[in-house]
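Structure, as structure tokens:
The values are calculated or read from the model by the stated rules, or taken from the named source; none is laboratory data. Predicted model only: the values in this text are computed from it and were never measured. So basically every Cβ, Gly included, is an ideal-geometry build from the backbone, and we count neighbours across all protein chains shown. Accessible surface is based on the protein model in full, side chains and every heavy atom, while ligands, DNA and RNA are left aside. Shrake-Rupley method; radii C 1.70, N 1.55, O 1.52, S 1.80 Å.
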Amino acid sequence: MTGNELREKFLKYFEGKGHTIVRSSALVPANDPTLLFTNAGMVQFKDVFLGLDKRPYKRATTAQKCVRAGGKHNDLDTVGRTARHHTFFEMMGNFSFGDYFKEEAITFAWEFLTEEVGLDPDTLWATVYLDDDEASDLWLELTDIPKERIVRLGEKDNFWAMGDTGPCGPCSEIIIDRGEEYRCDETECALGVCDCDRWLEIWNLVFMQYNRDETGKMTPLPRPSIDTGMGLERVASVLQNVDSNFDTDLIRPLITAVEEMSGKHYHGDVRGFPFRVIADHARACSFLINDGVLPSNEGRGYVLRRILRRAVRFGKVLNMEIPFLSSFVPKVVEVMGEAYPEMVKKQEQIAKIIKIEEERFKVTLNEGMKVVSEMVEKVKKEGRTSISGLEAFTLYDTYGFPVDLTEDIADENELTLDKAGFEKEMEVQRQRARAARGEVKDWDDAVVLSNLLKDEGVSKFVGYSNLEADTKIQALIVDGKMVDQVKPGDVINMVMAETPCYPEGGGQISDKAIVSGNGASGEISNCRKLTDGKIVHEVTLKEGKFAVGDLVKVNVIDSIRRNTERNHSATHLLHKALRETLGEHVEQAGSYVANNRVRFDFTHFNAPDEEEIKQVERRVNEQVFANLPVDAKEMSYEQAIKHGAVALFGEKYGDNVRVVEMGDYSMELCGGTHVNNTSQIGIFKILSESGVGAGLRRIEAVTGPGAYEYLNNKVDTTDKVAQALKARPDEISQKAEQIVSDMKDLERQVNMLRDRLASYQSEELLNQVQDINGVPLLAVQVQAANMDVLRSMADTFRDKLSSGVIVLGAANEDKINFVATVTNDLLGKGLHAGKLIGKVAKVADGGGGGRPDMAQAGGKLPDKMKEALEKAIEVVKEQLR
């Protein structure tokens, strides 16, 4: 059975058992800053298990893309060393949201494994939590597993929790005994004692039946749930009767491709380690980029960069020429494209991004090798036997140089590497990253609010068609507590039955509004939508009192909403214009839509040229002037995609979606607010275009009143410049070019005069050369406008002396410049310009240094010039001793 057949069989089996097939969510979790990547099938249902979200189904089944290469679940360094660990893998799962429980979960799992895919029941074992007698009894009652093949394990192995608090419960793992040929060399090779390849965990059934509070107390959930996970690659390895996941039809074709490219033969033992790493990492990189992650120096992009560079590192072990990893993308798509057809469309884009990153790393490796060589030389010179953790971390963090490569180089030079020190520095960095992810607090606040408001009804948003509404206050929260009424000055979280206020989301800022009633009024500064549909308004009460149950009027501030709508509608036109101009590979990668500006991030490999930017702007404005109707309608997600609607990266879509169409030009899934027709945008003007990461570009723009103000300022500036240049506005470019040309001619003349003056000075000053123990020394004050002129004069004196030491000083207003030079024939006599100039400058309260033959420095006390030059004579004498 192929991997694709196994995946399909699993989903169809559970669909036949009343489960809804839910498409895999993206590898970047939507609205969950607590996770770097989707690392399990339950991640997309997390809010459902927490009671924050409701779905139209109680049973679900998925084939979920997962990455475990960062944070709590990190298998990166294990990949290739075992038969079963990966950075990227697929987790098959079935879920019950308060519907069925242990009996059905065990029955389904047993039936699928033994009847659907035909595993030998005599090879299957089950583990249960120590105290879970119910699960143990059900395994005995419902399956053919005898009591001696049911193993009880502790909390570490068989108890699952979503976090320190919240839903949790015991779990039961299904293990297959692969036989004596897979056992390890341990004396006691038994399940629960040994973690070797003989005992392969293939399915984990989690029984969510408790809620744990802050004190650790667990109380039964009113509606227990089921969360299961089965590794596709692991089960495929058993069904295909191969030794490891890497030998399945899901990964082996990639290893074969590595063999062909490297010209080396793959072995299933330790010799095959580099092959396995490259095959695994090629899959992970391809899928992460497919889901919108791009290489960078922080967060998810940093993990992607580390995975990609680790693969390249092992390619060098096989003598593969960089770039090579990008050439494996077609093979990844060939194997996985049937299940994930979106990868077929993005194949070229994925390969280009990987190739760009590989070429950058090639430069990094070359630069890093120079730095690490200097580091090794320094360590040896200092008599140390180890490269410190900080030094290794600096190489890793600043140059992207892999620590394992640093360790290899250290070993080659009979040095060690302080891995503990390196890990300590890495942990400090992780803490900085966690602190930087302040949005985690916002997510935690949302959970708190959702729990407080769990008994309140869903807020109805009426703001698509109305900017005001008469409504009722449903709940008031102050300082994390529900209250019945509030007083002036209180900062309130307010929930109303219905609201015209758009909650922040999809890149669009929230509305601002006034809420009033019963002699009270307050300002709504922000609002957000919780995952369960409630809209929470942040209100500052200005006068009077509000109480739960009050009838109030909400008025959205019209100018802010209208300008925000202009900018949001413009992003849809911009997205389409970019795809028309630069290519269909362009995708929106983020946006910020405010009332005064718009920021739009998109994927593209190179900086668009000036003409391309003009063409994009022109295309957007053509649609603005075309007065296209803007219509919004709701339909199923599948129907919308079938009709050609564009879904955006990083957005979380439900089964039903809102589609915004702008004539026949643009169609996107969007929940934001928009103009009624494109002419209301007024005009669209791009302010800037820049790069913000590998393969990621950013456009900043304005529309409507913002564009008018920007263009008006440009006209005012143009008029003032024209007036200053005594030219018409249409002549200023030509006039400016002429002035620049004239200035360059004048600069050339000034430089010629300076050189001539320096030559005259040198002739006069050569009479002041002193003999210091047989060495000519010229230490004099000269006239030099800047350091460049001073260096030029020093060069002139050196050429005229042919042998000697020159120290020149030049005072300019409140500072002083020094230059020292030593001719080559004197360098072996202990003379050093850098050390000399440092001591000279110190007299004038300055400092500096440089090479033995040439150095420069600055000082702050011009009146110390004479004293400083006398110091030069003293230092030269010292150096000659």
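Eigenvalues of the Cα gyration tensor times 5, then square-rooted: what semi-axes does that give for segment 205-296, in whole angstrom, largest first?
On the way: eigenvalues 309, 69, 29 Å².
Result for segment 205-296: semi-axes of 39, 19, 12 Å.
In the chain, taking the dipole from charged Cβ atoms about the Cα centre, the farthest positive-side position among Val491, Phe324, Val624 is held by Val624. Estimated at the nearest 10 Å², the accessible area of Ser591 is 30 Å² with a 1.4 Å probe.
Sum -39500 (n - 2.57) across every DSSP H segment of at least 4 residues in the chain, then divide by the residue count to get the 222 nm mean residue ellipticity, nearest 500.
Values: 23 runs with 343 residues, N = 881.
The per-residue figure over the chain is -12500 deg cm²/dmol.
Taking R0 as 51 Å, what FRET efficiency do you get between Arg756 and Thr416 from their Cβ-Cβ distance, rounded to the nearest 0.05? Could the numbers behind the result be given before it?
On the way: r = 62 Å, r/R0 = 1.21.
In this case the efficiency is close to 0.25.
Projected onto planes of every orientation and averaged, the convex hull of the alpha-carbon atoms in segment 70-198 covers 9.8 nm². In the distance distribution for segment 548-627, Cα-Cα pairs more than 16 Å apart total 60 percent.
For the chain, take N as its residue count and report Rg(C-alpha) divided by 2.2 N^0.38 Å.
Working it through for the chain, the quotient is 1.22.
Accessible surface calculations at 1.4 Å, restricted to protein heavy atoms, place the chain at 47 Å² per residue.
The stretch between Glu867 and Gln768 holds 34.0 nm of extra length on full extension. This uses 0.36 nm per residue minus the Cα-Cα distance.
Taking a straight line from the alpha carbon of Lys839, these lysines sit under 18 Å away, with near neighbours fewer than eight places off in the same chain left out: Lys815, Lys860, Lys864, Lys866, Lys871, Lys877.
If packing is taken as the average number of other Cβ atoms within 10 Å across a peptide's residues, how do 628-636, 866-874 rank, most packed first? Don't jump to the answer; show the numbers that get you there.
On the way: 628-636: 14.0, 866-874: 17.1.
By packing density, highest mean first, the sequence is 866-874, 628-636.
P(r) for segment 1-81, from all Cα pairs and a bin width of 5 Å, is 3, 13, 19, 21, 18, 15, 9, 3, 0 %, short bins first. Using R0 = 60 Å, the C-beta based FRET efficiency linking Lys800 and Phe625 works out to 0.25.
Of the listed residues Arg68, Arg223, the order by accessible area with a 1.4 Å probe, largest first, is Arg223, Arg68.
Please compute, over every Cα-Cα pair in segment 494-557, the percentage with a separation greater than 18 angstrom. In whole percent, the long-distance tail amounts to 30. Net charge of the neighbourhood of Leu191, taken over other residues with C-beta under 9 Å away and scored Lys/Arg +1, Asp/Glu -1, is +1. In percent, rounded to a whole number, the relative contact order of segment 204-358 is 17, using alpha-carbon pairs under 8 Å and six or more apart. The length gained on full extension between Glu260 and Lys156, counted as 0.36 nm times the residue separation minus their Cα-Cα distance, comes to 33.2 nm.
Sorted largest first, the spans of the alpha carbon positions of segment 594-690 along the three principal axes are 41, 32, 25 Å. Rolling a 1.4 Å probe over the protein heavy atoms leaves Arg798 with an accessible area of roughly 70 Å². Solvent-accessible area assigned to carbon and sulfur over the chain amounts to 47 percent, based on a 1.4 Å probe. Applying 1/(1 + (r/R0)^6) with R0 = 35 Å to the Cβ-Cβ distance of Lys652 and Leu551 gives a FRET efficiency near 0.55. Annotation: lysines with alpha-carbon distance below 16 angstrom to Lys735 (same-chain offsets under eight excluded): Lys720, Lys726, Lys744.
When the residues Glu374, Glu382 are ordered by accessible surface, computed with a 1.4 Å probe over the protein chains alone, the sequence from largest down reads Glu374, Glu382. Summarising the overall dimensions of segment 279-324 from its C-alpha atoms, the Rg and Dmax are 10.8, 31 angstrom.
Remark: the chain carries a charge dipole of roughly 2760 debye about the Cα centre, counting +1 on each Lys and Arg Cβ and -1 on each Asp and Glu Cβ.
For segment 117-253, the fraction of alpha-carbon pairs lying more than 17 Å apart is 64 percent, rounded to a whole number. Candidate cross-link partners of Lys633 among the lysines, defined by an alpha-carbon separation under 20 Å and a same-chain spacing of 8 or more, comprise Lys460, Lys576, Lys642, Lys652.
For the chain, the longest principal axis of the Cα atoms and the long axis of helix 102-111 meet at an angle of about 90 degrees. Taking the longest Cα principal axis of the chain as reference, the axis of helix 419-436 is set at about 80 degrees.
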